[in-house]
Amino acid sequence: MNYNNICVFDFETSGRDPNKCEILQIGACIVDKWNLEIIDEFNSLCKPEDMDAIEEEALQVNRIKREDLEKSADVKIVWGQFVSWVNKYNKSKGSLGTFRAPIPAGYNIIGYDMPIVQRYCKKYGPWDSKREDQKLFNQLHKLDLMDHMWFWTENNDDLKSLKLTSVCEWMGFSKAEIENAHDALQDVKNTAKILVRLMRMARTLTAGDENNSPRLQMKNSFGNYGK
Amino acid sequence: MVNKMKHLDIYSIDMECNKTWDLISRGMTKGVFQLESHLGRSWAKKVRPRNIEDLAALIALIRPGCLKAMSGDPPKSMTQRYVDRKFGNEDLEYFHPSLETILGNTYGVLVYQEQAMQIAQALAGFDLQEADVLRKAIGKKKADIMAKVKKSFLDGASKEGVVTKKEAEEIFSWIQESQRYSFNKSHAVSYAKNAYWSAYCKAHHPHQFFCSYLTGSAWKQDTQEEVQELVNDSKILGIDVFPPDFRDLQKTFYLKEDSIFFGMSNVKQVGVSAVEKISVNVKSVEDRIAKKVSSWSWCDYLIFFSKKVSSTVNKALISAGCLDYFGVSRNKMLYEIDLWGKLTEKEMDWVRGQNSTDSLFPETKSWENLAEALTACQPVKKNGGGCSTAKRSAVLLDILKMLEKPPHALNDSPSWLSWAEEKFLGTSITCNKVEGCSDSAKSNTTCKEFIDGKNGFMVFAVEVNRAKQITTKKGTKMCFLTVSDSSCSIDNVVCFTKEWDEYASLLQEGNTILLQGDKDKRRGGLIVKKAWQI
């Protein structure tokens with residue numbers, strides 16, 4: 001998968017149900033697969049189709065004001081721009097396909113944000129009717145950092161929970177980074193930081209040590225640890 | 001410049017031109033007949049030909065048979081033997097003194113079929129007809145004819161008495177062996193002349209040379225690779241190559257003010273018919289707004305022209321840099337063209353000033369920018385705007401909000417520019433991905449400086465363009481690479497086993513790295529010593 005960039009994204013929404021809620025804010029950033037640097041960011045509020053359906057609790061969590069939403073562009077237009085922006089980082093050589101499209105990444109995206117992507121892609125495009133799937137991101141891979149953190153921290157009792165803010169605290173992120181939680185772009189930046197740290201750790205572990213032998217020998221070794 | 005080429009009489013050029021021989025000897029033979037492959041370029045540097053005889057031998061010697069025909073102790077290819085003998089690294093041997101006059105020009109290596117014929121004449125007394133039968137047997141690799149000729153050769157040799165029977169048998173087995181590789185000399189000399197002519201054009205008329213070869217790249221098997229190599233080669237020779245310029249409306253590669261420009265049909269997703277359509281429509285828009293295309297602003301293009309071609313063509317032209325002359329970032333143009341596309345045809349007409357469809361452009365309007373045009377159009381018609389309903393008016397208001405506060409930066413980052421140009425032009429021209437990396441300043445050498453002969457402690461900030469891993473005879477892995485920065489690329493980078501084990505994860509296509517390397521004194525390439533991620 002040498003061709004793909006990674007798109008870390010997060011939606012702030014009008015409610016908790018990913019099958020019904022509307023997008024109020026899109027935050028996203030592109031992480032260069034190679035040097036693991038953020039090369040572009042996207043951040044926009046969007047006015048949902050039904051302003052009355054926004055749950056007050058959701059607004060309190062997101063710290064988004066109704067008047068700010070009123071002043072924002074319609075979600076259809078913002079979604080269109082989001083799609084164009086993601087497509088700029090699709091590495092397809094000819095017409096846009098999903099094989100070289102950015103890999104979607106985020107915190108709890110498999111259970112929450114990806115179903116929203118599916119709904120919006122079906123409604124506003126791009127939709128792959130043959131596979132009945134979104135056509136914006138890579139269709140093969142999804143990086144849900146919550147799952148990855150579960151994997152890497154299962155023996156750590158000092159991690160309070162797998163909530164994004166808890167993980168950020170546990171990883172030693174600054175106060176300012178943590179206090180802005182639930183702002184889509186800040187959450188995205190924090191998630192990207194976790195992703196980059198995990199990828200750097202994996203690269204260090206699998207790269208050669210001073211004797212040129214990998215610190216963590218993956219090949220032919222699965223199933224051998226602890227036995 | 002073009003006139004200079006018109007007067008070039010290829011049959012009367014100087015065949016002892018130092019500039020041309022230097023170009024060949026430096027291996028700068030991309031585009032030179034018969035010598036343009038990696039193989040041709042690397043052997044040209046080793047053989048360093050200075051005359052047609054040398055060049056013909058080089059062309060004959062880099063054929064697969066010659067490179068594979070190993071002989072002697074230690075075993076060497078005929079090609080390597082030729083080079084070693086030419087530069088005094090191996091003693092000249094003719095097997096028998098009588099062969100010296102025949103094989104002298106090729107340092108004792110039997111390169112040509114004609115040499116085998118001459119040997120048969122000198123040692124076995126063959127007449128021309130018999131010698132020709134021998135040539136045919138060699139050329140067509142016919143075992144039955146070869147057996148008959150062998151008998152005549154040995155009989156003739158014993159009659160002539162120049163060599164003993166044992167020596168004659170050995171010489172004939174040598175001729176038989178040459179079946180695998182020897183080449184027709186007249187053929188090799190014709191090729192050499194053609195190669196010299198093309199090298200002469202490259203040395204003396206490089207602009208025209210590259211322009212023609214780039215045009216011809218469309219017919220190559222791998223157009224992208226060909227374009228990449230030619231653009232890189234032209235950079236080494238100090239020739240600037242630029243993306244297409246929309247104002248010039250040229251279909252294919254062209255020369256302007258000592259620089260080469262891509263044509264618009266060289267942009268992927270823009271075909272020749274699209275360029276023809278563009279030319280026709282540019283004329284009509286020029287008439288309508290009474291402005292030559294060279295004086296258009298981005299807003300003129302967007303409002304009056306963009307809808308004349310498909311959105312795919314517009315995006316390809318912008319991404320490739322055809323519209324850079326407007327002085328607006330490519331990302332801003334892509335962003336605005338997307339938003340402009342959300343207007344209805346009627347709203348677009350209103351903005352253009354064509355309020356009445358039955359009159360010919362009565363009120364063509366000129367706008368400073370898109371926001372100004374949309375602000376005027378946004379109210380509904382009864383309020384003096386261009387929107388037919390309140391719903392449409394709301395859509396335009398949303399577009400204005402997006403224009404006022406874009407959700408992402410609209411500047412062009414080097415990594416995006418280089419990727420976009422690679423996608424649409426086949427190679428990055430205006431910048432390289434490494435320019436966007438903060439650590440690139442830690443380098444002390446550019447690729448061009450290396451090619452121009454810099455030596456010593458060298459650190460490059462480069463992008464890895466090609467990485468070809470091979471397994472050595474010992475079963476270990478090593479890699480051949482091509483790396484580039486904005487100056488040009490180096491295509492003979494070697495990473496030996498020890499370094500490959502350590503840095504394989506970094507030396508991957510698409511990655512940007514700091515690379516410390518040493519010059520390979522024998523082959524002139526670059527040997528990887530260390531690599532760091534940037």
Would you confirm whether any residue within the stretch A:72-91 is more than 14 Å from every other protein chain (Cβ to nearest Cβ) and more than 20 Å from B:Pro407 (Cβ to Cβ)? no
So, A:Ile110, is that one buried (at least 19 other Cβ atoms within 10 Å of the Cβ), within 18 Å of the chain's Cα centre (by Cα) and more than 13 Å from every other protein chain (Cβ to nearest Cβ) or not? no
Just to be sure I understand, how many residues within the stretch A:174-198 are touching a residue at least 40 places away in the same chain (Cβ under 8 Å), in a helix (DSSP H, G or I) and charged (D, E, K, R)? 2
B:Tyr325: passes all of (1) touching a residue at least 40 places away in the same chain (Cβ under 8 Å); (2) surrounded by 19 or more Cβ atoms within 10 Å (Cβ to Cβ); (3) of a type in the set (Phe, Trp, Tyr) but (2)
Residues of the stretch B:161-186 classified as part of a helix (DSSP H, G or I), crowded, with 16+ Cβ neighbours inside 10 Å and more than 38 Å from the chain's Cα centre (by Cα), total: 5
The stretch B:289-344, residues that are assigned to a helix (DSSP H, G or I), closer than 18 Å to B:Asp245 by Cβ, within 14 Å of another protein chain (Cβ to nearest Cβ) and of a type in the set (S, T, N, Q): B:Asn314, B:Ser319
So which of A:Glu55, A:Glu49, A:Glu67 is within 25 Å of A:Leu162 (Cα to Cα), at pLDDT below 95 and among the charged types (D, E, K, R)? A:Glu55
From B:Ala188, B:Ala157, residue being over 15 Å from B:Ala122 (Cα atoms) and aliphatic (A, V, I, L, M): B:Ala188
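Yes/no matrix, rows are residues, columns are (1) modelled with pLDDT of 90 or more; (2) within 18 Å of A:Trp34 (Cα to Cα); (3) more than 20 Å from the chain's Cα centre (by Cα); (4) assigned by TED's automatic domain parsing to the domain that holds B:Gly510:
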{"position": "B:Asp398", "(1), (2), (3), (4)": "yes, no, yes, no"}
{"position": "B:Pro406", "(1), (2), (3), (4)": "yes, no, yes, no"}
{"position": "B:Leu410", "(1), (2), (3), (4)": "yes, no, yes, no"}
{"position": "B:Leu425", "(1), (2), (3), (4)": "yes, no, no, no"}
{"position": "B:Lys442", "(1), (2), (3), (4)": "no, no, yes, yes"}
{"position": "B:Cys447", "(1), (2), (3), (4)": "yes, no, no, yes"}
So which residues in the stretch B:94-133 are surrounded by 15 or more Cβ atoms within 10 Å (Cβ to Cβ) and in a loop (DSSP other than H, G, I, E, B), if there are any at all? B:Phe95, B:His96, B:Tyr107, B:Gly108, B:Val109, B:Leu110, B:Val111, B:Gly125, B:Phe126
Of everything in the stretch A:93-102, what is more than 7 Å from chain B (Cβ to nearest Cβ), in contact with a helix residue (DSSP H, G or I) (Cβ under 8 Å, 6 or more places away or on another chain) and surrounded by fewer than 19 Cβ atoms within 10 Å (Cβ to Cβ)? Give them in sequence order. A:Leu96
Residues of the stretch B:369-395 classified as more than 10 Å from chain A (Cβ to nearest Cβ), within 51 Å of the chain's Cα centre (by Cα) and not in a loop (DSSP other than H, G, I, E, B), total: 9
Looking at the stretch B:272-284, is at least one residue surrounded by 15 or more Cβ atoms within 10 Å (Cβ to Cβ) and among the charged types (D, E, K, R)? yes
Which one is surrounded by the most Cβ atoms within 10 Å (Cβ to Cβ), of the residues in the stretch B:350-375 that are modelled with pLDDT of 85 or more and of a type outside the set (A, V, I, L, M, F, W, C)? B:Arg352
Could you pull out every one of the strands (runs of 3 or more DSSP E) wholly within the stretch A:1-57 that has 3 or more residues that are in contact (Cβ under 8 Å) with a residue 24 or more places away in the chain and more than 9 Å from chain B (Cβ to nearest Cβ)? A:6-13, A:23-31
Over the stretch B:50-87, the set of residues assigned to a loop (DSSP other than H, G, I, E, B) and under 30 Å from B:Asp14 (Cβ atoms) is B:Arg50, B:Asn51, B:Ile62, B:Arg63, B:Phe87
If you scan the stretch B:5-32, which residues turn out to be in contact with a Lys or Arg (Cβ under 9 Å, 6 or more places away or on another chain) and either assigned to a loop (DSSP other than H, G, I, E, B) or at pLDDT below 90 (or both)? B:Met15, B:Glu16, B:Arg26, B:Gly27, B:Met28, B:Thr29, B:Lys30, B:Gly31, B:Val32
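The values are calculated or read from the model by the stated rules, or taken from the named source; none is laboratory data. Since we're looking at a predicted model, the values are computed, not measured. Heads up, the Cβs are rebuilt from the backbone with ideal geometry, glycines too, and the neighbour counts pull from every protein chain shown.
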